[in-house]
Amino acid sequence: AVPRTRILATGGASHNKKILQVLSDVFSAPVYTIDTANSACLGSAYRAIHGLVAETNVSLADVVKLAPEPRLAVTPTAGAEEV
């Protein structure tokens with residue numbers, strides 16, 4: 001089964017619920033946020049670790065297993081896909 005789409009929002013705009021709601025409605029997917037400062041740097045660090053262990057066939061999913069769990073921020077508004 002294909003997992004449902006979900007959006008992970010980071011950065012300054014991720015603190016604005018109205019922006020997150022628009023994203024959720026446009027893409028018809030729940031939006032999650034993560035309470036981590038410098039999230040772009042964190043993503044880069046995980047990619048770097050993945051690159052270091054690439055020869056061992058470790059997947060990126062395995063590398064980020066210890067990442068903070070995203071928190072559900074908003075879900076699509078009922079009927080938004082019709083607009």
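Observations on the model:
- Seen against the Cα atoms of the chain and their longest principal axis, helix 17-27 is set at about 90 degrees.
- To the nearest 10, the accessible area of ILE19 is 80 Å² with a 1.4 Å probe.
- Assigned charges on the beta-carbon of Lys, Arg, Asp, Glu; the chain dipole about Cα centre (debye): 140 debye
- Heavy-atom accessible area per residue - the chain, 1.4 Å, Å²: 75 Å²
- Helix 39-52 axis versus longest C-alpha principal axis of the chain: approximately 40°, rounded to the nearest ten.
- When only the Cβ of Lys, Arg, Asp and Glu is charged (+1, +1, -1, -1), the dipole of the stretch 35-83 relative to its Cα centre reaches about 200 debye.
- Among the protein heavy atoms, those of HIS50 account for about 40 Å² of accessible surface (1.4 Å probe, every chain in place).
- In this structure the amide hydrogen of TYR32, modeled in the peptide plane, comes within under 5 Å of the amide hydrogens of ILE7, LEU8, ALA9, ALA73, none closer than 5 places in sequence on its chain.
- Against the criterion of solvent-accessible heavy-atom surface with a 1.4 angstrom probe, ASP25, ASP62, ASP35 sort, most first, into ASP35, ASP62, ASP25.
- Theoretical FRET efficiency, 1/(1+(r/R0)^6), r = Cβ-Cβ of ALA78 and TYR46, R0 41 Å, to 0.05: 0.70
- Shown are LYS65, LYS17, whose ranking by accessible area with a 1.4 Å probe and every protein chain present, most to least, is LYS65, LYS17.
The values are calculated or read from the model by the stated rules, or taken from the named source; none is laboratory data. Predicted model, so just to flag it, every value in this text is computed and none were measured. Here the Cβ is made from the backbone with ideal geometry for all residues, glycine too, and neighbour counts use every protein chain on show. With ligands, DNA and RNA removed, areas are computed over all heavy atoms of the protein, side chains included. Shrake-Rupley method; radii C 1.70, N 1.55, O 1.52, S 1.80 Å.
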